[in-house]
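S.K.: I am attaching a structure below and will ask some questions about it afterwards.
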Amino acid sequence: MSEHHPAPSGEPVVSSGEAAASSGQHADSSQGHTVSSADSITVRVPAKVNVQLAVGGARPDGFHDLANVFLAVGLYDEVTATPLPPGADTDVPRITVSGPDARLVPADRSNLAARAAELLAARHGLRPAVHLHIVKDIPVAGGMAGGSADGAAALVACDALWGTGATREELLGICAELGSDVPFSLVGGAALGRGRGELLTPLEVGGTFHWVFAVADGGLSTPAVYREFDRLHEGRAVPAPEPSEGLLAALRAGGADALAAALSNDLQPAALSLRPALAGTLEAGAAGGALASLVSGSGPTTAFLAKDRGAADAVARALEASGTCRAVRVAEGPVPGARVV
Ligand code: ATP
């Protein structure tokens with residue numbers, strides 16, 4: 001995901017002139033299927049932070065092999081799926097977005113929520129006749145997998161709305177087709193991602209970790225950060241990425257000090273190279289008492305691990321006072337993945 005798709009400003013951002021259906025009975029007998037649903041389905045889905053992001057050299061397909069340890073954290077988007085009213089164009093999902101950064105989110109078919117609905121519908125011989133409303137709270141283009149989260153949430157919501165009864169394996173397969181981080185948004189908790197990050201092994205976590213996130217002004221394009229990673233490693237052999245045993249042990253034990261000592265992100269030098277000001281944010285969080293500071297995924301959101309909730313609040317206050325970021329959020333992890341609420 002690399003581009004920003006400007007959408008009309010204001011809230012909610014609406015993709016077409018039609019009024020939104022709030023709920024209602026909808027029958028779609030196209031292609032011989034009848035879908036009948038009276039209710040909207042709302043799915044809540046968390047953001048992620050990478051507690052380890054080990055990156056290998058560029059593969060022939062342009063992707064990078066990863067050892068990617070994901071932790072789902074309690075910053076959430078919500079996606080509500082509602083049947084389209086009779087007479088609406090039933091070939092394309094309708095997307096609306098609300099929230100402070102709604103204008104940065106594409107409200108067309110490139111939205112991962114729309115693509116998820118289209119893929120599920122196509123597999124089950126249905127029309128993607130759904131209105132998906134996204135309440136956006138995960139920073140956009142912030143390295144916290146917000147778009148991936150909406151893709152996973154839309155899939156769960158449409159599966160429930162249409163009664164497709166897709167198996168977990170089918171949903172995970174569609175997620176992997178949508179993007180490398182999407183399967184983890186479905187699963188949540190903590191997991192090791194191999195391959196591009198989509199081959200998941202769930203991980204045991206022995207406690208709750210307290211995080212502070214500093215949201216930067218503007219986003220960073222994930223492909224641009226990988227290109228910078230490649231540039232910084234030009235002419236050097238990049239070792240095969242491996243999960244850190246120390247990190248996995250720290251997660252199992254649930255101790256913040258041990259996890260802080262083991263956090264790592266191979267994309268951090270590339271993100272700092274593209275956005276040198278992030279160094280000031282990392283320093284401000286460390287000075288505020290964070291056990292460890294790192295760039296979240298491809299950035300530019302920065303993540304700070306704190307000893308407990310009180311320490312997290314103190315780090316948050318220090319970051320707010322530093323003037324080095326646009327917004328500060330406190331969240332705990334692990335939390336479950338995409339769930340109907
Ligand atoms: P990741 O951590 O998975 O690399 P990210 O958190 O850095 O991703 P996203 O918030 O997922 O970045 O957004 C990246 C781009 O994806 C956006 O600039 C936008 O153009 C596009 N996009 C598509 N669908 C969505 C969506 N539902 N929400 C946000 N962005 C979306």
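S.K.: In deg cm²/dmol and to the nearest 500, what is the mean residue ellipticity at 222 nm of the chain if only DSSP H runs of at least 4 residues count, each as -39500 (n - 2.57), divided by the residue total?
M.R.: Result for the chain, helices only: -9000 deg cm²/dmol.
S.K.: With a 1.4 Å probe and every protein chain left in place, work out the accessible area per residue of the chain in Å², rounded to a whole number. All intermediate terms of the calculation are to be shown ahead of the outcome.
M.R.: On the way: 13600 Å² over 341 residues.
For the chain, the solvent-accessible area averages 40 Å² per residue.
S.K.: If you don't mind, there's one more thing I want to ask. Please list 3J(HN,Hα) in residue order for region 223-229, calculated via the Karplus relation 6.51 cos²θ - 1.76 cosθ + 1.60 where θ = phi - 60°; whole Hz, with x for glycine and proline.
M.R.: x, 5, 5, 5, 4, 5, 4
S.K.: Kindly identify the chain as rounded, prolate or oblate by the Cα gyration tensor criterion: order the square roots of the eigenvalues as a ≥ b ≥ c, call it rounded if a/c is under 1.5, otherwise compare a/b with b/c, prolate if a/b is larger, else oblate.
M.R.: Here the chain falls in the prolate category.
S.K.: Heavy-atom accessible area of PHE70 with all protein chains present, probe 1.4 Å, nearest 10 Å²?
M.R.: The accessible area of PHE70 comes to roughly 0 Å².
S.K.: Related question: Among LEU186, LEU248, GLY57, whose Cα sits farthest toward the positive end of the charge dipole of the chain (+1 at Cβ of Lys/Arg, -1 at Cβ of Asp/Glu, about the Cα centre)?
M.R.: Of the candidates, LEU248 comes out farthest on the positive side.
S.K.: Specify which residue in the list PRO336, ALA216, VAL43 is farthest towards the positive end of the charge dipole of the chain, using unit charges on the beta carbon of Lys, Arg (+1) and Asp, Glu (-1), about the Cα centre.
M.R.: ALA216
S.K.: Same structure, new question: Let me check something: with ligands and nucleic acids excluded, how do ASP108, ASP77, ASP39, ASP181 order by accessible area (1.4 Å probe), largest to smallest?
M.R.: Correct descending sequence by accessible area is ASP39, ASP108, ASP181, ASP77.
S.K.: Taking a ≥ b ≥ c as the square roots of the Cα gyration tensor eigenvalues, with a/c under 1.5 meaning rounded and otherwise prolate when a/b beats b/c, else oblate, which class fits region 209-332?
M.R.: Oblate.
S.K.: Sticking with this structure for a sec: Over region 261-341, what lengths in whole Å, largest first, do the semi-axes of the equivalent ellipsoid take, defined as the square roots of 5 times the eigenvalues of the alpha-carbon gyration tensor?
M.R.: Square roots of five times the eigenvalues give 20, 17, 13 Å.
S.K.: OK, next. Just want to confirm a number: the relative contact order over region 52-147, from Cα pairs under 8 angstrom separated by 6+ residues, in percent. Don't skip to the end; give the middle numbers.
M.R.: Details: 144 pairs, mean separation 31.2, N = 96.
With pairs under 8 Å counted, the relative contact order is 32 percent.
S.K.: Hey, another quick one. Using a basic spin-label model with each label point 7 Å from the Cα along Cα→Cβ, how many nm lie between ARG317 and ASP217?
M.R.: Taking the two extended label points, one gets 2.6 nm.
S.K.: Distance from a point 7 Å along Cα→Cβ of ALA277 to each backbone N in region 201-241: keep the residues under 17 Å and list them by number.
M.R.: Hits in region 201-241 for ALA277 at 17 Å: 214-221.
S.K.: Right, here's the next one. Where does the longest stretch of the chain lie that holds no GluC sites (Glu not before Pro) found in a DSSP loop with 13 or fewer other Cβ atoms within 10 Å? Don't skip to the answer; put the middle values down first.
M.R.: On the way: sites that count: GLU3, GLU204, GLU234.
Answer - 4-203.
S.K.: Ok, one more. When only the heavy atoms of the protein chains count and the probe is 1.4 Å, how do THR42, THR281, THR324 rank by accessible area, highest first?
M.R.: On the way: THR42 30, THR281 5, THR324 50 Å².
Largest accessible area first, the residues go THR324, THR42, THR281.
S.K.: If you filter region 158-261 for trypsin sites (Lys or Arg not before Pro), then keep DSSP loop positions with at most 12 other Cβ within 10 Å, what is left?
M.R.: Filter output for region 158-261: ARG236.
S.K.: Specify whether the C-alpha gyration tensor of region 113-255 places it in the rounded, prolate or oblate class, a ≥ b ≥ c being the square roots of the eigenvalues: rounded for a/c under 1.5, otherwise prolate if a/b is larger than b/c and oblate if not.
M.R.: Prolate, because a/c is 1.5 or more and a/b exceeds b/c.
S.K.: Let me ask you something else. So how much slack lies between ASP91 and GLU170, counting 0.36 nm per residue of separation and subtracting their Cα-Cα distance, in nm?
M.R.: On the way: separation 79, 0.36 × 79 = 28.44 nm, distance 2.21 nm.
Between ASP91 and GLU170, full extension yields 26.2 nm more.
S.K.: While we're here: Counting only protein heavy atoms and a 1.4 Å probe, tell me what percentage of the chain's accessible area is made up of carbon and sulfur. Can you show the working numbers first?
M.R.: Working: 7050 of 13600 Å².
Looking at the chain in its full context, I get 52 percent from C and S.
S.K.: Now a separate question. Using a 10 angstrom cutoff on alpha carbons, build the Gaussian network for the chain and name the most mobile of GLY179, GLY218, GLY151.
M.R.: Of GLY179, GLY218, GLY151, the most mobile in the Gaussian network model is GLY218.
S.K.: Related question: How much length, in nm to one decimal, is gained on full extension between VAL341 and PHE63, taken as 0.36 nm per residue of separation minus their Cα-Cα distance?
M.R.: 96.6 nm
S.K.: Please give the length that would be gained between SER110 and ALA240 if that part of the chain were fully extended, namely 0.36 nm times their separation in residues minus their C-alpha to C-alpha distance (nm, one decimal).
M.R.: Difference between extended and current length: 43.5 nm.
The values are calculated or read from the model by the stated rules, or taken from the named source; none is laboratory data. What you see is a predicted model, and the numbers here were worked out from it, not measured in a lab. Methodologically, a virtual Cβ is constructed for each residue, glycine included, from the backbone with ideal geometry; neighbour enumeration extends over all protein chains shown. Each accessible area value is taken on the protein alone, full model and side chains, heavy atoms only, with ligands, DNA and RNA left out. Shrake-Rupley method; radii C 1.70, N 1.55, O 1.52, S 1.80 Å.
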